[in-house]
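Step one of this worksheet: look at the structure below.
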Amino acid sequence: MVRARVRGREDEWTGLMRSAMAGDDAAYHRLLKAVTPVLRAAARRGLARAGQPPDQAEDIVQEILLAVHLKRHTWDSEAPFAPWLFAIARNKLIDALRRRGRRVFVNIDDFAETLPGETPQETASAGEVTAQLNTLPQRQRDVLQSIAVDSASIKDTAAKYSMSEGAVRVALHRGLAALTAKLRDD
């Protein structure tokens with residue numbers, strides 16, 4: 001039932017566009033009037049999925065309709081109209097989201113009284129870190145010392161200890177995981 005209704009709408013839109021391309025202004029007007037609510041709903045859904053306010057949908061709909069008008073000569077009259085229309089709509093939505101970015105701006109002054117202050121993060125003293133470093137296997141300790149303390153690159157550390165870069169990464173990862181676990185336990 002739904003599929004038949006959608007198919008009927010697509011066939012109607014295709015017929016209206018064919019008539020419009022043949023010079024029937026009334027058919028073009030009916031087509032634009034028929035597709036606008038569908039485009040508006042699609043733009044609102046797209047904006048909502050991207051975390052943007054749906055009230056911006058009208059601008060996107062206008063951009064879509066303008067693109068349809070300016071690019072209608074590129075539509076293949078032997079093809080269905082809906083896929084061509086929705087490709088334009090998708091591209092215009094993407095363009096709008098790129099222009100706006102995915103950032104959501106909220107004025108935090110309105111919430112300043114209700115926001116909790118930052119809790120200071122617990123840090124270990126240099127002596128504690130050194131003591132824990134000494135409990136690690138020699139290779140992990142050497143790699144952590146070279147990269148984290150001496151600021152050497154993975155490539156330089158690999159050359160210094162005659163290791164592959166992959167082995168350095170593994171030792172670094174394992175050493176950091178072990179050190180983190182030990183510091184958490186203490």
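The values are calculated or read from the model by the stated rules, or taken from the named source; none is laboratory data. From a predicted model like this one, the values you see are computed outputs, not experimental measurements. Cβ: placed from backbone, ideal geometry, glycine included. Neighbour counts: every protein chain shown. For the accessible areas, the whole protein counts, side chains as well, though only heavy atoms, and no ligand, DNA or RNA atoms are used. Shrake-Rupley method; radii C 1.70, N 1.55, O 1.52, S 1.80 Å.
Which value, in Å² and to the nearest 10, is the accessible area of ARG174 when all protein chains are kept and the probe is 1.4 Å?
Here the accessible area works out near 150 Å².
Residues with beta-carbon under 15 Å from that of GLN62, excluding GLN62: net charge, scoring Lys, Arg +1 and Asp, Glu -1?
+1
Tell me the accessible surface of THR157 in square angstrom (1.4 angstrom probe, heavy atoms of protein chains only), to the nearest ten.
We get 0 Å² for THR157.
If you rank SER162, SER146 by how much accessible surface each has, with a 1.4 Å probe, what is the order from largest down?
Greatest to least solvent exposure: SER162, SER146.
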